[in-house]
Amino acid sequence: MSDTYVLVHGAWHTGAEIEATAEHLRAAGHTVHCPTLAGNRPGDDRATVGLTEAVASLVDYVESRDLKQVRLAGHSYGGMVITGAAERLLPRLTRLVYVNAFVPQPGESLNDMVPPHYRALFDQIAAANKQSVMLPFEIWREAFINDADLALAKAAYAKLNPHPYRTFTEASTITQPMAALQIGKSYLNCVLDVALPASLPWHPRLSERLGLYRYVESPGSHEAWFTRPAELARALVDAGRD
Amino acid sequence: MSDTYVLVHGAWHTGAEIEATAEHLRAAGHTVHCPTLAGNRPGDDRATVGLTEAVASLVDYVESRDLKQVRLAGHSYGGMVITGAAERLLPRLTRLVYVNAFVPQPGESLNDMVPPHYRALFDQIAAANKQSVMLPFEIWREAFINDADLALAKAAYAKLNPHPYRTFTEASTITQPMAALQIGKSYLNCVLDVALPASLPWHPRLSERLGLYRYVESPGSHEAWFTRPAELARALVDAGRD
Amino acid sequence: MSDTYVLVHGAWHTGAEIEATAEHLRAAGHTVHCPTLAGNRPGDDRATVGLTEAVASLVDYVESRDLKQVRLAGHSYGGMVITGAAERLLPRLTRLVYVNAFVPQPGESLNDMVPPHYRALFDQIAAANKQSVMLPFEIWREAFINDADLALAKAAYAKLNPHPYRTFTEASTITQPMAALQIGKSYLNCVLDVALPASLPWHPRLSERLGLYRYVESPGSHEAWFTRPAELARALVDAGRD
């Protein structure tokens, strides 16, 4: 069976970092797109792009290619973007897959779901960098890519790009909770992921906002795209299939 | 070492669906019984059978065969039944094993341990079906057998039978909390099981009602009998051995 | 790469029980020390040794051998001891690794972090045994070494030694929370560990006291030193590496 996947990256990433996982999905016979969102492309103005523009860029990507029966997956911040795009793309979608991803309620921003010490840190970094944020390496190494060795942690970090902070502070404009949206939904949880603190976790805190959903696990950290692409691809199939 | 296991099925099931797992246990040298409880047999009156009759049918099964040194395992609703039978069968039992199973306190019904939206759904279905309930396929597929592909999810669903709702609403008549019962106890948790919401979970919410207990995990969903019988059999040995 | 590990045992243990795991680390090229703390050595006076003496014995072990760039790991009670030694040994340390270990706040004792029914049990046993405590076999078998067969559970139990209770009741004398200590920290969680109740867990309840930390998992129970030494050694490398 050949399914169509659109995999939406998280903050600081582009589609390129998703490709290793996408290749495993393609080897299993699937069609996979890894778009890079507005705000994370070379030359994008990190000071002005917000969630609205990122969502619009995803909607445009899917519509301009006339993609249909899409299994739309979002990682981390990408959950904000697939949530924002879901209502508009609904006839083109088969299923939404959240990969340790944010699930906003109407009116919520990403920052509303992260612990205060991360918000304070991001505020400070954005203020000093024209409203773009980077993640300090120490946090990346310990809490995001905790299952990598140091060489991989550094190599992956070198691929990140500054992220437009307005995408974290702008509220989602969805008109109904995701639990009310009539479409298949899955939550894929990487069991070593402590990018959000384990006491304020992805699952079940955010997964249960989906209403009825399918639960899938994968080994690895928040950055399993780098550390466990084969296992992550297998879990994406478990999450994305009918 | 050859041990004697009695494996008690959950709601909507019969002993037949346990057989794949039982065969793995038998291949490891054990004697395994998979009785079908009163209420889930062909011709049983789903409108009238309650927890009392289900418990009595298990007690009768064990006593009439004069089984001894039994490792008595219950899955899901089967936890209500082995709990109800434990006091009466105590001299014949070596250990109780709860497999993502309900552990009632004295006076509690199964429905007292499930979230309100499940109770409301079951009430509605039972009222429309002469007090028997079925699980809607969508819930089965996403929340019960989330680790299956669609073909297996459908094939397994086709084997289910309507379940007598009185077994969910009738309170357990045990006279003491299970923590007080002097017998070995184990809780086997399938890590993908979100048949109860992860925010109102099997473990540790219900496992810790056992007092001192042995904790064992297995991969797979609530329906690992269908999706992971070999792994489940291995975990049952870890849970059931001395 | 050859790193230096010092692995600090838990209550009732000595360094000898850590050796199976240490051998796997040595086979991977690392230098590993498994000291036995004051209070757990033959002839030690269990009635008088407290946390202060245990910490001092670890500090002395590291200083007298002039060990440097140490990855200092503590298991269970050993977390009290590495925490107490960390400030004094700081220039010699590269990272602290807590293996299902206690992380005290300033002024806390081990007993402050365990459930009341364990404290009551320990009080009673210590009062009857000149202030030394042993763990009843039934608790050991079900809640500490739940992944062993009975033969291994018994063989491992036979190696335990009476533990000086003052090490449980004496408060840590650290002057700042561990979150404030500037050094790499990891928390290694064995996923079957219910030696502390799952409702009052090691992780994230105690792990998050470390502030920024690296999260690592391993299969097995609280006593993976006996049941899963190879996997535990691999996880120790994931936790201990830069």
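List of remarks:
- Nearest-10 value in Å² for the accessible area of B:D44, using the 1.4 Å probe: 40 Å²
- Applying Stokes-Einstein at 10 °C and 1.306 mPa s to the Kirkwood radius of segment C:175-242, computed over alpha-carbon pairs, gives a translational diffusion coefficient of 125 µm² s⁻¹.
- Vicinal HN-Hα couplings computed from phi for segment B:38-47 (Karplus, 6.51 cos²θ - 1.76 cosθ + 1.60; Hz; Gly/Pro x): 4, x, 10, 8, x, x, 4, 7, 4, 6
- Per-pair calculated FRET efficiency, R0 = 56 Å: A:D60 and C:E87 via Cβ, rounded to 0.05: 0.50
- Sites B:K159 and A:Q182, calculated FRET efficiency, Cβ-Cβ separation with R0 41 Å, nearest 0.05: 0.90
- Measure of compaction for segment B:84-207 (Cα Rg per 2.2 N^0.38 Å): 1.16
- Delta accessible area of at least 30 Å² on complex formation, residues of segment C:224-242, 1.4 Å probe, chain isolated as reference: C:R241, C:D242
- Near-label residues of segment A:73-109 by backbone N, under 19 Å of a point 7 Å along Cα→Cβ of A:R205: A:75-81, A:98-109
- In summary, the aspartates and glutamates within cross-link reach of C:K185, defined as a Cα separation below 13 angstrom excluding same-chain residues under 8 places away, comprise A:E138, A:E142, C:E208, C:D238, C:D242.
- Stokes-Einstein translational diffusion, segment A:61-116 - Kirkwood Rh over all Cα pairs, 1.567 mPa s, 4 °C, in µm²/s: 109 µm²/s
- Equivalent ellipsoid dimensions for segment C:149-202 as semi-axes, Å, which come from the Cα gyration tensor, largest first: 29, 19, 12
- Interface size, chains A and C: roughly 1200 Å² of accessible area buried, both sides included, 1.4 Å probe, rounded to the nearest 100.
- Inverse mean reciprocal Cα-Cα distance (Kirkwood Rh) of the protein assembly as shown, Å: 27.4 Å
- Cβ-Cβ FRET estimate between A:Q124 and C:R41, R0 fixed at 60 Å, reported to 0.05: 0.75
- Two-decimal log10 I(q)/I(0) for segment B:20-130, as the Debye equation yields it once each C-alpha is a single scatterer, q = 0.13, 0.19 Å⁻¹: -0.57, -1.11
- Under the combined filter of DSSP loop state and at most 16 neighbouring Cβ atoms within 10 Å, segment C:6-84 retains these trypsin sites (Lys or Arg not before Pro): C:R65, C:K68.
- Antiparallel DSSP beta bridges within the protein assembly as shown, as percent of all bridges there, nearest 5: 10 percent
- Principal axis extents of the C-alpha atoms in segment B:111-172 (largest first, rounded to whole Å): 35, 22, 21.
- Here the Kirkwood formula puts the hydrodynamic radius of segment C:1-61 at 12.4 Å, using every distinct Cα pair.
- Label-point gap, in nm, between A:D242 and B:T175 - each point 7 angstrom along Cα→Cβ: 5.6 nm
- Surface per residue (accessible, 1.4 Å probe) for the protein assembly as shown, Å²: 35 Å²
- For segment C:114-212, the carbon plus sulfur part of the accessible surface works out to 58%, probe radius 1.4 Å.
- Fraction of the pair-distance distribution of chain A above 29 Å, Cα-Cα pairs, percent: 19 percent
- Partner lysines whose Cα lies under 22 Å from the Cα of C:K159, excluding those fewer than 8 positions away in the same chain, are identified as C:K130.
- Counting 0.36 nm for each residue step from C:L152 to C:Q69 and taking away their Cα separation leaves a gain of 26.4 nm.
- Selection of trypsin sites (Lys or Arg not before Pro), segment A:185-242, meeting DSSP coil and at most 15 other Cβ within 10 Å: A:R205
- Computed [θ] at 222 nm, helices only, for the protein assembly as shown once each DSSP H run of length n ≥ 4 contributes -39500 (n - 2.57): -9000 deg cm²/dmol
The values are calculated or read from the model by the stated rules, or taken from the named source; none is laboratory data. This is a predicted model, so every value here is computed, not measured. Positions of Cβ are generated from backbone atoms using ideal geometry, with glycine treated the same way; all protein chains shown enter the neighbour counts. Ligands, DNA and RNA are stripped out before the accessible areas are found, and what is left, the full protein with its side chains, is counted by its heavy atoms. Shrake-Rupley method; radii C 1.70, N 1.55, O 1.52, S 1.80 Å.
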